[in-house]
Amino acid sequence: MDKQLEKLISLHDLDVMIADLNRKDIRKREVEMGLHTEGALEELKELRETYCKGIKRKWRGLYNQLTRHYGNAVVPALMGRCAGCLTRLPTAVCSDPERNSKIHTCPTCGRIIYWAD
Amino acid sequence: MKYSALSKFELSASSRDEVIKELLDLFSVGEKSRGLLAVALDIREKVGATVVHSSIALPHCRSILVDKLTIAVGKSSAGIPWPEEKVNTVVLFISPVNLTAPQEHSKFLAHIAGKIKNSGDKIIASSNQDELLKLLGFQLEKQGE
């Protein structure tokens, strides 16, 4: 898998963690379980900054732009379609066994696509 | 409601990272996805160890790499340093990222919180897989289902 794609997927998961800890219901549940959430949000934001530094400006810019626009920048391909907008992806790309070895974007919505292994 | 969970009653790993890897190996995802899920769980642990009720660890996150709530339960009689406290029960769970997932994730957190609050000591003392899964409100999921 392309190293930049790996980092974009991890960045997406990190952003989901930040969004979750910003949700009152999830934070309340975590506290109910006995987990300490104080300071976690700030630490995650700091980790995000560090993570972003490892991503090329071109992909970071695209990621941030897509996140602002759609809320999610990276989506899986499901049955040959973009899971974000359901557009059918080019067959040549989908059937390529090395499809994750470079970053592909949806021809319609522009989201970053990965294929589950 | 009973949740389906994968299970490995006697874990062979002896560190937090190894346990996470051992439980992720039960997941029906490829090696690359497992590696990326381990990264996400490690990030979550770095900002605060997920140990509750003294001996139960709950490594968890939400990720685009799973398409349904996936749970794996493990037990270690020797105990695992997590990393400062020793735990003997690990409930690893990863929720998907989709429109309804935050509500489902929150609901599952409430389920786990309730079980630990009511039966935490019994969960720690459970002596077999069936008992442990029953106490947690889970049913055994066969690998690959």
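The values are calculated or read from the model by the stated rules, or taken from the named source; none is laboratory data. Because the structure is predicted, anything quoted here is derived from the model rather than measured. Cβ coordinates were reconstructed from backbone atoms using ideal geometry, including for glycine residues, and neighbour counts include every protein chain displayed. Accessible surface is based on the protein model in full, side chains and every heavy atom, while ligands, DNA and RNA are left aside. Shrake-Rupley method; radii C 1.70, N 1.55, O 1.52, S 1.80 Å.
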Counting Lys and Arg as +1 and Asp and Glu as -1, what is the net charge of the other residues whose Cβ lies under 14 Å from the Cβ of B:Lys115? +3
Ignoring ligands, DNA and RNA, what accessible area per residue does the range B:1-122 give at 1.4 Å, in Å²? 41 Å²
Summed buried accessible surface, chains A and B, 1.4 Å probe, nearest 100 Å²: 2700 Å²
With label points set 7 Å from each Cα along the Cα-to-Cβ direction at B:Glu131 and A:Glu49, the distance between them in nm comes to 5.0 nm
Apply 1/(1 + (r/R0)^6) to the Cβ-Cβ distance of A:Val31 and B:Glu104, taking R0 = 22 Å, and write down the FRET efficiency to the nearest 0.05. 0.70
Provide the three semi-axes, in whole Å and in decreasing order, of the ellipsoid equivalent to the protein assembly as shown as defined by the square roots of 5 times the Cα gyration tensor eigenvalues. 33, 20, 17
Take each complete run of DSSP H in chain A, measure how far its Cα atoms stretch along the helix's own axis, and keep only those covering 18 Å or more with mean Kyte-Doolittle hydropathy at least 0.0; list them. A:3-22
Hey, rough spin-label estimate for B:Leu140 and B:Ser12, points 7 angstrom out along Cα→Cβ, what's it come to in nanometres? 1.9 nm
Give me the net charge of A:Leu14's neighbourhood, meaning all other residues with Cβ under 14 Å from the Cβ of A:Leu14; Lys, Arg count +1, Asp, Glu -1. -2
Collect residues whose amide H, placed 1.01 Å from N in the peptide plane, falls under 5 Å from the amide H of A:His104; neighbours closer than 5 in sequence don't count. A:Ile113
About the Cα centre of the protein assembly as shown, what is the dipole size in debye to 20, counting +1 per Lys and Arg Cβ and -1 per Asp and Glu Cβ, all else neutral? 900 debye
Normalised contact order of the range B:3-140, rounded percent, pairs of Cα under 8 Å and 6 or more residues apart: 29 percent
Enter the mean projected area of the convex hull around the alpha-carbon atoms of chain B, in nm², rounded to one decimal. 7.8 nm²
Can you show me the helix-derived [θ] at 222 nm for chain A, built from DSSP H runs with n ≥ 4 at -39,500 (n - 2.57) apiece and divided by the number of residues, rounded to the nearest 500. -16500 deg cm²/dmol
Non-local residues with an amide H under 5 Å from the amide H of B:Val87, with H modelled 1.01 Å from N and Pro and chain starts lacking one, are B:Ile80, B:Trp82
Ordered by number, the residues of the range A:26-45 that have at least 10 Å² less accessible area in the complete protein assembly than on their own chain alone (1.4 Å probe) are A:Ile26, A:Arg29, A:Glu30, A:Glu32, A:Met33, A:Gly34, A:Leu35, A:His36, A:Ala40, A:Glu43, A:Leu44
At a 1.4 Å probe radius, carbon and sulfur cover how many percent of the accessible area of the range B:3-140? 50 percent
Computed [θ] at 222 nm, helices only, for chain B once each DSSP H run of length n ≥ 4 contributes -39500 (n - 2.57): -13000 deg cm²/dmol
Going by Cα centres, the range A:19-95 and the range B:46-104 are how many Å apart? 19 Å
